[in-house]
Amino acid sequence: MKSGNDFERLWRLQASLDDLVLKGKRSPGQVADLLQQIIETPLIVVNRREPNLLVDLDVVGLVVEDSSVVEHREGGKWQWDPKELKLHLTDGQRKTRDGGVSGYKLKKELLGLSPFNANLCKWLLLPENLRLIPSQWKNLTVCFWGTIYRSNGEEYIICLQGVGQWVGCVRWLNEPFYEDSPALLPNCPAPFPV
């Protein structure tokens with residue numbers, strides 16, 4: 001498709017139409033003819049990608065007072081793309097409805113799966129990025145197992161909850177995790193250092 005030629009043609013047609021209208025030298029036939037030509041010119045569709053939506057998964061983000069980072073899996077600079085994400089439940093989370101699965105047990109099960117770290121959660125909670133959170137995550141507690149924190153001797157992770165509005169929360173590893181608390185993983189095998 002000669003999009004450059006089509007674009008130039010549209011500009012010429014618009015200029016001619018403006019000239020006819022502004023100078024008052026128009027007949028209904030001339031205006032109708034120019035409008036028809038503009039309508040028949042193919043539209044140029046530009047595929048615009050979001051501006052550079054990079055998330056720095058290397059730096060250790062904000063650490064709350066009286067907390068320390070036990071583990072932080074780096075992931076480099078990652079370009080936001082929701083197609084590269086998947087929510088993951090372990091077999092235990094799918095099968096156990098009554099008691100859930102211990103967070104410490106999940107931590108071991110997720111060891112080789114390269115879960116996203118807390119930096120992505122914090123990035124998504126920025127006001128300008130809230131619109132990027134997939135609507136399918138509503139009513140879930142999406143868990144970011146790539147960063148483990150400790151406070152008062154107990155370990156916890158950062159999570160994202162869609163409860164009317166998007167909020168960040170913590171989940172203690174000594175609590176049970178159910179099927180409403182999936183881990184966020186890359187939608188491909190281990191792109192991050194393990």
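The values are calculated or read from the model by the stated rules, or taken from the named source; none is laboratory data. Note that the structure is a prediction, hence the values are computed from the model and not measured. Here the Cβ is made from the backbone with ideal geometry for all residues, glycine too, and neighbour counts use every protein chain on show. Ligands, DNA and RNA are stripped out before the accessible areas are found, and what is left, the full protein with its side chains, is counted by its heavy atoms. Shrake-Rupley method; radii C 1.70, N 1.55, O 1.52, S 1.80 Å.
Here are some residues: Pro115, Pro127. Which one is modelled with pLDDT of 90 or more and open to solvent by less than 60 Å² (accessible area, probe 1.4 Å)?
Working: Pro127 fails: open to solvent by less than 60 Å² (accessible area, probe 1.4 Å).
Sole residue among the options that is modelled with pLDDT of 90 or more and open to solvent by less than 60 Å² (accessible area, probe 1.4 Å): Pro115.
Identify the residue in the range 98-139 that is in a loop (DSSP other than H, G, I, E, B) and in contact with a helix residue (DSSP H, G or I) (Cβ under 8 Å, 6 or more places away or on another chain) and, among all such residues, is farthest from Leu173 (Cα to Cα). So that I can check it myself, show each step before the final result.
Taking the range 98-139 as the starting set, the residues that turn out to be in a loop (DSSP other than H, G, I, E, B) are 98-100, 110, 114-117, 125-129, 133-134, 138-139.
So of that shortlist, the ones also in contact with a helix residue (DSSP H, G or I) (Cβ under 8 Å, 6 or more places away or on another chain) come out as 100, 129, 133-134.
Working: Gly100: 12, Asn129: 28, Ile133: 25, Pro134: 25 Å.
Here the residue is Asn129.
Pro82 is checked against (1) within 22 Å of Gly61 (Cβ to Cβ); (2) out of contact with any strand residue (DSSP E or B) (no Cβ under 9 Å at 6 or more places or on another chain); (3) without any contact (Cβ under 8 Å) to a residue 40 or more places away in the chain and fails just one. What number does that condition carry?
(3)
Say we look at the range 63-92 and pick out the residues that are open to solvent by less than 30 Å² (accessible area, probe 1.4 Å) and in a strand (DSSP E or B); which of these is farthest from Lys138 (Cα to Cα)?
Residue satisfying both the conditions and the ranking: Ser67.
From (1) part of a loop (DSSP other than H, G, I, E, B); (2) modelled with pLDDT of 95 or more, pick out the condition that doesn't hold for Trp145.
Looking at each condition in turn, Trp145 falls short on (1).
Can you name the number of the only condition in (1) more than 19 Å from His88 (Cβ to Cβ); (2) open to solvent by less than 20 Å² (accessible area, probe 1.4 Å) that Asn152 fails?
It is condition (2) that Asn152 fails.
Do the conditions hold for Lys95, that is, is it without any contact (Cβ under 8 Å) to a residue 24 or more places away in the chain, open to solvent by 70 Å² or more (accessible area, probe 1.4 Å) and out of contact with any helix residue (DSSP H, G or I) (no Cβ under 8 Å at 6 or more places or on another chain)? Show your work before the answer.
Values: without any contact (Cβ under 8 Å) to a residue 24 or more places away in the chain: yes; open to solvent by 70 Å² or more (accessible area, probe 1.4 Å): yes; out of contact with any helix residue (DSSP H, G or I) (no Cβ under 8 Å at 6 or more places or on another chain): yes.
For Lys95, the condition - without any contact (Cβ under 8 Å) to a residue 24 or more places away in the chain, open to solvent by 70 Å² or more (accessible area, probe 1.4 Å) and out of contact with any helix residue (DSSP H, G or I) (no Cβ under 8 Å at 6 or more places or on another chain) - is met.
Going through the range 98-112 one residue at a time, which ones are crowded, with 19+ Cβ neighbours inside 10 Å and hydrophobic (A, V, I, L, M, F, W, C)?
Result: Val101, Leu106.
Just checking, which of Ser27, Ser16 is loosely packed, with under 10 Cβ neighbours inside 10 Å, at pLDDT below 70 and hydroxyl-bearing (Ser, Thr, Tyr)? Working first, answer last.
Details: Ser16 fails: loosely packed, with under 10 Cβ neighbours inside 10 Å.
Exactly one of Ser27, Ser16 is loosely packed, with under 10 Cβ neighbours inside 10 Å, at pLDDT below 70 and hydroxyl-bearing (Ser, Thr, Tyr), namely Ser27.
Residue under question is Ser68, and the condition is that it be small (Gly, Ala, Ser) and either closer than 25 Å to Tyr156 by Cα or at pLDDT 65 or above (or both); does it hold? So that I can check it myself, show each step before the final result.
Values: small (Gly, Ala, Ser): yes; either closer than 25 Å to Tyr156 by Cα or at pLDDT 65 or above (or both): yes.
Spelling it out, Ser68 is indeed small (Gly, Ala, Ser) and either closer than 25 Å to Tyr156 by Cα or at pLDDT 65 or above (or both).
Just checking, which of Ile158, Ile148 is within 24 Å of Val59 (Cα to Cα), touching a helix residue (DSSP H, G or I) at 6+ places or on another chain (Cβ under 6 Å) and not small (Gly, Ala, Ser)? Spell out how you get there, then give the answer.
Numbers: Ile148 fails: touching a helix residue (DSSP H, G or I) at 6+ places or on another chain (Cβ under 6 Å).
Of Ile158, Ile148, the one residue that is within 24 Å of Val59 (Cα to Cα), touching a helix residue (DSSP H, G or I) at 6+ places or on another chain (Cβ under 6 Å) and not small (Gly, Ala, Ser) is Ile158.
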